[in-house]
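Structure record follows, encoded as structure tokens.
The values are calculated or read from the model by the stated rules, or taken from the named source; none is laboratory data. Note that the structure is a prediction, hence the values are computed from the model and not measured. FYI the Cβ positions are ideal-geometry reconstructions off the backbone, even for glycines, and counts take in every protein chain you see. Please note that ligands, DNA and RNA were not included when accessible areas were found on the heavy atoms of the full protein model with its side chains. Shrake-Rupley method; radii C 1.70, N 1.55, O 1.52, S 1.80 Å.
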Amino acid sequence: MHLITLAFALIIPLYLFLTQRYSKRLKIPPGSMGLPIVGHTPSLLKAMRSNKDEEWLRERIRKYGPISRMSLFGTPTVFLNGLAANRFMYTRDSTTVGSHQPASIKRICGEQNIFELTGEDHKRVRAALVSFLKPDELKKYIGKVDKEITAHIKNHWHEKQEITVMPLMKILTFNVVCTLIFGIEPGIRREELVKLFEKAMEGMLSLPIDLPFTRFHRSLKASSRVKAILHQLIREKREALNKHNISSNHDLISCLISIRNDKNVPDVSDEEIVDNAFTIMIGAHDTTSILLTFLIRLLAKDPSTFSHVLREQEEIAKSKASEELLTWEDLAKMKYTWKVATETLRMHPPMTYSFRKALKDIEYEGYLIPKGWQVVWNASMTHMDKKIFPDPNKFNPLRFEQLKAPPPYSFVAFGGGARRCPGKELARIETLVMIHYLMKSGFKWKLKVCGEGHDFFYRDPMPVFNQGVDPMDEVQKGARLKKGMLTAEFCQADSRLGEEISKMSKELPTSLEALAQEQSDIIQLKED
Ligand code: HEM
């Protein structure tokens, strides 16, 4: 009898709790859907293009709280913010949230790109990419990266008084990725690809309206040309592999072609290879070039950090013969330099927005995220949360030296969870090798004034540098540069610059080297 009473005493409250919980009608988050069709897209893109998107989002948070609804890129969207939101989104399983990109990205990168794949397909393609990008495998390629970087410095930095950093970093990371991912040697094909990729990038975050005058249309055209080249490349590599002219670890594409499942059939289809090689090229070269540009800029502004990095790199250089290539063990010694890079990523993460799609109704913080809606969050807003990173506007690499690591999902420059960046190791290798050779070559650099305004970059969707930042007094006063000292200019390698090049010369430069040279010449000429 006592047992029956006890059972009722437990079961009835549990029943009431559950029925109340699920009969409670969850509310859709507060907010609005903005203008018909375009929703909030133009307003957010405008804010990004004037580097005010965080302000724009904070205004929403002030108005509606950390969860609100809006309409972005033609899709009903829930915007989430904060550490709890990062944790929530990165730890959802693949049956609750699917990866999802704005329609423009999906169309330009292709339906089979890893960001679009879910469940088993995502696991399979990710595993194939990781088999090439994992540290144990990448160790073998440090020599290749080393050679690309020393050649780059020799061609673009030595004996120059001024350089434009961003376009050069793009050329550098493009070349590294061309070697490692595509296995394409320098030449006409690389040159065609670099231009096509830049064009494809321009329409990544745009309204997907495919009309001849839209950015989206131009990007789509560029991406289909790239994909045709990639299909041709696959045919050539397959033949070379069959004839044993190259091995399966020659580059990422050869590796993907060679992976077979337990039924001995190719594990990754040609479409998947093309879409993912394309996506990786965009993800890999833009992100790392942006990290390097901000890093060079921050080093120019902080002599004490500069000399600390210099000491670390000199120690490593001393232990090596003059032409000896860097090794995995050398990179492991560059601990301080990587902390400086990590702090750079905290302050200026190249990728800030993540997109997912609710695959079922989701309850979050008492609100309903309806099935089919897009979820967007600016994960790296936590990088500037003073409760997590005290004095967040201060560039302080030592914060990553302290024993207390930031809480999980607060430092998210490389994302988190099942979709965290598999290219982090390659980005680390490129960054450390580049900084090593800049220091070893004895360069020092100052920022050069070449424009007005406080905002030195904006997002489109990746950071683009405005011309002219942080004037250095000595340069402004016209002090002479010491011999051998480089002035790092941060100028935009965008279409405006392209237009100027076209105006000055009917014939565009044909080689990448010439392109870089032209860009700095133009800046030189403007100053004259
Ligand atoms: C500084 C350099 C880099 C940064 C800051 C960066 C950042 C990120 C972030 C934030 C994500 C997650 C996006 C999300 O959750 O929505 C991501 C994913 C990804 N990244 Fe990177 N990345 C970098 C370099 C690279 C490189 C060098 C490669 C390839 C060689 C690469 C390949 C990828 C791929 C394939 C994904 C998708 C992973 C998946 O969905 O499973 N990234 N990256």
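Using the beta-carbon distance between ASN249 and THR327 and R0 = 25 Å, what value does 1/(1 + (r/R0)^6) give for FRET efficiency, to the nearest 0.05? Numbers along the way, then the final one.
Values: r = 18 Å, r/R0 = 0.72.
Using R0 = 25 Å, I get an efficiency of 0.90.
Put ASP121, ASP270 in order of accessible area, highest first, and with a 1.4 Å probe you get ASP121, ASP270.
Once Rh for region 291-360 is found with the Kirkwood sum over Cα pairs, what is the Stokes-Einstein diffusion coefficient at 4 °C and 1.567 mPa s, in µm²/s? All intermediate terms of the calculation are to be shown ahead of the outcome.
Numbers: Rh = 14.3 Å.
Rounded, D is 91 µm²/s.
Taking Cα centre as origin and charging only the Cβ of basic (Lys, Arg, +1) and acidic (Asp, Glu, -1) residues, the dipole magnitude of region 41-188 rounds to 440 debye.
Per residue, region 50-207 exposes 39 Å² of accessible surface when a 1.4 Å probe is rolled over the protein heavy atoms with every protein chain present.
Evaluate E = 1/(1 + (r/R0)^6) for ARG218 and SER307, where r is the Cβ-Cβ distance and R0 equals 45 Å; express this FRET efficiency to the nearest 0.05.
Working: r = 46 Å, r/R0 = 1.01.
Efficiency, from the Cβ-Cβ distance: 0.50.
I want the local charge near HIS308. Using Cβ-Cβ distances under 10 Å, sum +1 for each Lys or Arg and -1 for each Asp or Glu among the other residues. Neighbour charge sum, excluding HIS308 itself: 0.
Across region 82-94, computed HN-Hα scalar couplings (Karplus, 6.51 cos²θ - 1.76 cosθ + 1.60, θ = phi - 60°) run x, 4, 4, 5, 4, 4, 4, 6, 6, 10, 5, 7, 6 Hz from first to last residue, x flagging Gly and Pro.
Here the mean projected area of the convex hull built on the C-alpha positions of region 146-235 is 7.4 nm².
Where does region 321-427 land on Rg(C-alpha)/(2.2 N^0.38 Å)? Don't jump to the answer; show the numbers that get you there.
Numbers: Rg = 17.9 Å, N = 107, 2.2 N^0.38 = 13.0 Å.
That ratio works out to 1.38.
For region 366-448, what is Rg from Cα atoms divided by 2.2 N^0.38 Å, rounded to two decimals? Let's see the in-between values first.
Values: Rg = 17.9 Å, N = 83, 2.2 N^0.38 = 11.8 Å.
Its radius of gyration relative to the 2.2 N^0.38 Å reference: 1.52.
Here the Karplus curve 6.51 cos²θ - 1.76 cosθ + 1.60, taken at θ = phi - 60°, turns the phi angles of region 134-148 into couplings of 6, x, 4, 7, 5, 3, 5, 9, 4, x, 5, 5, 3, 5, 4 Hz, with x standing for Gly and Pro.
Compute the signed sum of charges (Lys and Arg +1, Asp and Glu -1) over the other residues within less than 12 Å, Cβ to Cβ, of ASP210. It works out to a net charge of +4.
Contour minus end-to-end for GLU59 and LYS371, with contour as 0.36 nm per residue of separation and end-to-end as the Cα-Cα distance? Numbers along the way, then the final one.
Details: separation 312, 0.36 × 312 = 112.32 nm, distance 2.65 nm.
Difference between extended and current length: 109.7 nm.
Here the mean projected area of the convex hull built on the C-alpha positions of region 58-181 is 12.0 nm². Have a look at TYR336, ALA405, HIS383 and report the one farthest towards the positive end of the charge dipole of region 334-463, computed about the Cα centre with Cβ charges (Lys/Arg +1, Asp/Glu -1). Result: TYR336, furthest along the dipole toward the positive end. Rounded to whole numbers, the Karplus 3J(HN,Hα) couplings from phi for region 236-250 are 5, 5, 4, 5, 5, 5, 4, 8, 6, 7, 10, 9, 5, 9, 5 Hz, using 6.51 cos²θ - 1.76 cosθ + 1.60 with θ = phi - 60°, and x at Gly and Pro. For LEU368, nonlocal amide neighbours, meaning residues 5 or more places apart or on other chains whose placed amide H falls under 5 Å from its own, are LYS27, ILE28.
Think of region 10-163 as having a plus end and a minus end, set by charges on the Cβ of Lys, Arg, Asp and Glu; of ALA151, GLY98, ALA85, ALA85 sits farthest toward the positive end of this dipole. Based on every Cα atom in region 109-193, Rg and the maximum pairwise Cα distance Dmax equal 16.4, 53 Å.
Note on TRP328: accessible area approximately 60 square angstrom, rounded to 10, probe 1.4 Å, nucleic acids and ligands left out.
Measuring with a 1.4 angstrom probe and ignoring ligands and nucleic acids, THR95 comes out at about 80 Å² accessible. Shown are LYS448, LYS134, whose ranking by accessible area with a 1.4 Å probe and every protein chain present, most to least, is LYS134, LYS448. Solvent-accessible area of ARG107, all protein chains in place: 120 Å² (probe radius 1.4 Å, heavy atoms, ligands and nucleic acids excluded).
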